[in-house]
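Accompanying notes for the structure given below.
The values are calculated or read from the model by the stated rules, or taken from the named source; none is laboratory data. The structure presented is a predicted model; accordingly, all values stated were derived computationally and were not measured. FYI the Cβ positions are ideal-geometry reconstructions off the backbone, even for glycines, and counts take in every protein chain you see. Note: areas computed on protein heavy atoms with side chains; ligands, DNA, RNA excluded. Shrake-Rupley method; radii C 1.70, N 1.55, O 1.52, S 1.80 Å.
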Amino acid sequence: MLTHFAKKTTKTISPNILGSLKRNLRPLPPFDFKPAPYHGPSKEQVLKDRQAHVHPSILLYYEKPIMIVQGQMQYLFDEKGKRYLDGIAGIVTVSVGHSHPRVIEAAKKQLEKLAHTTTIYLHPNITEYCKLLASKLPKKLSHIYLVNSGSEANELATQMSRLYTGNYDMVALRNCYHGMGTAMGLTAHSTWKQPVPHGFGIKHALNPDLYQGAFREDDPKAVEKYLNHLKHLILTGTAGQVAGFIAEPIQGVGGAVVMPKGYLKNAYEIIRSHGGVCISDEVQTGFGRTGESYWGFQKDDPDLVPDIVTMAKGIGNGQPMGAVATTKEIAESMGGGIHFNTFGGNPVSCAIGQAVLEVIEEDGLQENCRVTGSYLIKELERLQKKHDIIGQVRGKGLMVGLELVKDRKTREPATVETKKVAELMKDNGVLIAKGGLFGNVLRIKPPMCFNKLDVDFLIDVLDYSLSKI
């Protein structure tokens, strides 16, 4: 059952509500919380200082940027106190809710005792946390290595795969995102790559996208054809033996592309027959977000078990955290040398991580993702009947994508229109992201405490925004 701020209401009418009434939109759901007054520099000054001192590659999201200074559960507030419904959760990073009191209390309690030591000393937090995290995974994935991000987790998983198998080539999917740094080589989006050497020993198979891919939903043998391409890639692009295969059960940055039923199970069999291990990137799909299962790899087959699972984002509810879970045998393959992470597994992060896992259970957030996510998808499908620009609604739980197209027959991406819709929604109180190779997918992946009243408001604003482009 949802607790804390997700249940509270108030009858106070805010400026947000008055503005919505003028546009004949339903108001933001009532929420019993008053943000603290902001006394910092103006948005204009912050923007000026950012342009002068922050690296230019760090992008701003909107044509008319907003400045967010506070958050509470599924809501964000700007410097003037305007409330926004957070439909993207800090890029799928806030799991249990902004500033969740249980998580804040855990962090504060540990900070008052000890902020940091490295793992060269014993500390109970890392062992207690790793034990609890392992209990959420299939039994054989018993060994955890803690890092600080998804990129680090995927880099380490790649290294483990190569050390354990003695093979070098890795296979990923086109349209995937597995991070930056050396993980940029795994990623298959030109948007997220730099023209520098990267991707040595990494091959990209066709991603099984049944809407925009090479083989589509009207072909009964589409999944089989994607699997045949994977086999052919290994036989022609590698030495015939591979180190590993990494895939997101639902491609996140790629626009919520769901792996079709049977693909991962058969892909794992192919990879293992060629000497490789299988990695499930759960950076976005993990911890109950997909609703029907705790991990994305379980969505179609509860008995499917990868050899390595990588995690980040929602694992820390905003705290920089990541993890790699694997078998004892694979973990031991790194025993030939020291591997050290200064901040991974620090006492504060572990205290926060444990609180997050406990809140997911106590607040019933996986079930909430299932129920609220099903309602969200149903409402989006209703809008699809009204707006021809909506080509496909897809996703699981509270990991949903809405692909916008100029023409439903040609499926030409509506890239410009998608950007306009996101801007209009922001202006009317809803923050979502866009994704997909062509930036034509609206990504709706809110904090997992999102409820049906929030869905109603989001749908109303989305309907209004679509009608204005």
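List of remarks:
- Taken over region 170-188, the criterion of being part of a loop (DSSP other than H, G, I, E, B) and out of contact with any Cys (no Cβ under 9 Å at 6 or more places or on another chain) is satisfied by R174, N175, C176, Y177, H178, G179, M180.
- Counting residues in region 201-217 that are in contact with a Ser or Thr (Cβ under 8 Å, 6 or more places away or on another chain) and charged (D, E, K, R) gives one or more.
- Only a single criterion out of (1) surrounded by 19 or more Cβ atoms within 10 Å (Cβ to Cβ); (2) modelled with pLDDT of 95 or more is not satisfied by R174, namely (1).
- Scanning region 350-366 for residues that are in a helix (DSSP H, G or I) and surrounded by 16 or more Cβ atoms within 10 Å (Cβ to Cβ) gives C350, A351, I352, G353, Q354, A355, V356, L357, V359, I360, L365, Q366.
- Only one of S142, S149 that is open to solvent by 20 Å² or more (accessible area, probe 1.4 Å) and over 25 Å from G255 (Cα atoms): S142
- Some residue of region 111-133 being open to solvent by less than 50 Å² (accessible area, probe 1.4 Å), more than 24 Å from the chain's Cα centre (by Cα), within 18 Å of F340 (Cα to Cα) and of a type in the set (S, T, Y): yes
- Scanning region 90-132 for residues that are out of contact with any strand residue (DSSP E or B) (no Cβ under 6 Å at 6 or more places or on another chain) and within 14 Å of F287 (Cβ to Cβ) yields a total of 9.
- Residue in region 222-234 that is open to solvent by 20 Å² or more (accessible area, probe 1.4 Å), β-branched (V, I, T), farther than 30 Å from Q72 by Cβ and assigned to a loop (DSSP other than H, G, I, E, B) present: no
- Within region 61-77, the residues that satisfy the criterion of being farther than 20 Å from L462 by Cα and in contact with a helix residue (DSSP H, G or I) (Cβ under 8 Å, 6 or more places away or on another chain) are M67, Q72, M73.
- Per this entry, L47 is counted among residues that are out of contact with any strand residue (DSSP E or B) (no Cβ under 9 Å at 6 or more places or on another chain), at pLDDT 95 or above, closer than 30 Å to G181 by Cβ and not in a strand (DSSP E or B).
- Odd one out for V46, checked against (1) open to solvent by 60 Å² or more (accessible area, probe 1.4 Å); (2) over 15 Å from K426 (Cβ atoms); (3) among the hydrophobic types (A, V, I, L, M, F, W, C): (1)
- Positions within region 440-469 being without any contact (Cβ under 8 Å) to a residue 60 or more places away in the chain and either open to solvent by 10 Å² or more (accessible area, probe 1.4 Å) or of a type in the set (F, W, Y) (or both), in sequence order: K468
- Pairs are defined by a Cβ separation below 8 Å, a sequence spacing of at least 6 or placement on different chains, a first member in region 131-142 that is touching a residue at least 12 places away in the same chain (Cβ under 8 Å) and in a helix (DSSP H, G or I), and a second member that is among the small types (G, A, S) and open to solvent by less than 20 Å² (accessible area, probe 1.4 Å); the pairs so defined are L133/A323; L133/A325; L133/G353; A134/A325.
- Some residue of region 189-199 being under 13 Å from D281 (Cβ atoms) and in a loop (DSSP other than H, G, I, E, B): no
- The set of residues in region 414-433 being under 30 Å from S293 (Cβ atoms) and either touching an Asp or Glu at 6+ places or on another chain (Cβ under 8 Å) or buried (at least 22 other Cβ atoms within 10 Å of the Cβ) (or both) consists of T418, A422, M425, V430, L431, I432.
- Residue check, I104 within 30 Å of Q251 (Cα to Cα) and open to solvent by 50 Å² or more (accessible area, probe 1.4 Å): no
- If you go through region 181-213 and keep only what is open to solvent by 70 Å² or more (accessible area, probe 1.4 Å) and farther than 19 Å from G435 by Cβ, you end up with T182, Q194, P195, V196, P197, F200.
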